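**Q** I have a structure here, written as structure tokens, and I will follow up with some questions on it.
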Amino acid sequence: MAAASPPLLPTTIVLPAAAAPSPSPVPTAVSSADNNDANPAAAGAFLSRLLESTRRALSGARPWAELADRSALSRPDSVADATSRLRKNLAYFRVNYAAVVALSLAAALLAHPFSLAALLALLAAWCLLYILRPADAPPLAAFGRTFSDKEVLGGLIASSAFVVFLTSVGSLIFSALALGAAVVCAHGAFRVPEDLFLDEPDQGAGSGNPLLSFIAGATGGRV
């Protein structure tokens, strides 16, 4: 009688859990794609807020025909009369006067392309490195070292101070602002405000300081 054959052993090899192949992670490509998509989105939101703030600020402008009414101009009787006129006209034509000062500054910058280019470069640095930079972006690395957010902000402030106070850009800006302010003061002192309705309610809580309200609205409170 033939001997019974030995039982067959299982040939399936079970790999340990540590040796099992795992899918290769791709978080770097996804995060970089998210950052690339975040920058245009942040830029679009910033421009949208800027346009909306500009439109809201300009909506409070008075008719320019009232500002240029030559029949309402007369010489003030005294310094006190000129001061009273200026105070009332500033309250009534504040948006128009701000536009006049802005036009004076824009004309001065357009007449000096170097100063305009320096300011545009400074504005681009602020937008790319601080205002439009995503909150979850990695720290800025340059020249073989990593800079924190406080160091980047300090560098931007120092660069702005250098451009404004230590170059001809600052004197140009101050001269243009002084010229615009002189035009505003002269018009406000000679414009008779008796025909102006000064008892209208303010358009918002921030109407007392339209410049700060415009900046805060354009940047979403970031700066």
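**Q** Looking only at the stretch 177-197, count how many residues are more than 20 Å from residue 75 (Cβ to Cβ), open to solvent by less than 20 Å² (accessible area, probe 1.4 Å) and more than 23 Å from the chain's Cα centre (by Cα).
**A** So the answer is 0.
**Q** Would you mind stating whether residue 98 is out of contact with any strand residue (DSSP E or B) (no Cβ under 6 Å at 6 or more places or on another chain) and either modelled with pLDDT of 90 or more or exposed (fewer than 12 other Cβ atoms within 10 Å of the Cβ) (or both)?
**A** When the stated conditions are applied, residue 98 passes them.
**Q** Just to be sure I understand the filter: pairs with C-beta atoms under 6 Å, separated by 6 or more residues or on different chains, first member in the stretch 160-176 and surrounded by 15 or more Cβ atoms within 10 Å (Cβ to Cβ), second member not in a helix (DSSP H, G or I). Which pairs pass?
**A** Sorted first by the residue in the stretch 160-176, then by its partner, the pairs are 172/112.
**Q** If you scan the stretch 68-94, which residues turn out to be in contact with a Lys or Arg (Cβ under 8 Å, 6 or more places away or on another chain) and under 14 Å from residue 185 (Cα atoms)?
**A** 73, 76, 85, 89, 92, 93
**Q** I've got another one for you. For residue 60, all conditions in the list (1) at pLDDT 90 or above; (2) surrounded by 15 or more Cβ atoms within 10 Å (Cβ to Cβ) hold save one; what is the number of the exception?
**A** Tallying (1) at pLDDT 90 or above; (2) surrounded by 15 or more Cβ atoms within 10 Å (Cβ to Cβ), residue 60 fails exactly one: (1).
**Q** Take the stretch 115-153 and flag every residue that is in contact (Cβ under 8 Å) with a residue 24 or more places away in the chain and part of a helix (DSSP H, G or I).
**A** The answer is 115, 118, 119, 122, 125, 126, 127, 129, 130, 131.
**Q** I've got another one for you. Out of 70, 85, which single residue is closer than 13 Å to residue 192 by Cα and surrounded by 14 or more Cβ atoms within 10 Å (Cβ to Cβ)?
**A** Criteria check complete, one pass: 85.
**Q** Among (1) under 30 Å from residue 76 (Cα atoms); (2) of a type outside the set (S, T, N, Q); (3) open to solvent by less than 80 Å² (accessible area, probe 1.4 Å), which single condition is residue 116 missing?
**A** (1)
The values are calculated or read from the model by the stated rules, or taken from the named source; none is laboratory data. Being a predicted model, the structure only gives us computed values, none of them experimental. All Cβ positions, even for glycine, are placed from backbone atoms using ideal geometry, and neighbour counts span all protein chains on display. What goes into the accessible areas is simple: the full protein's heavy atoms, side chains included, and nothing from ligands, DNA or RNA. Shrake-Rupley method; radii C 1.70, N 1.55, O 1.52, S 1.80 Å.
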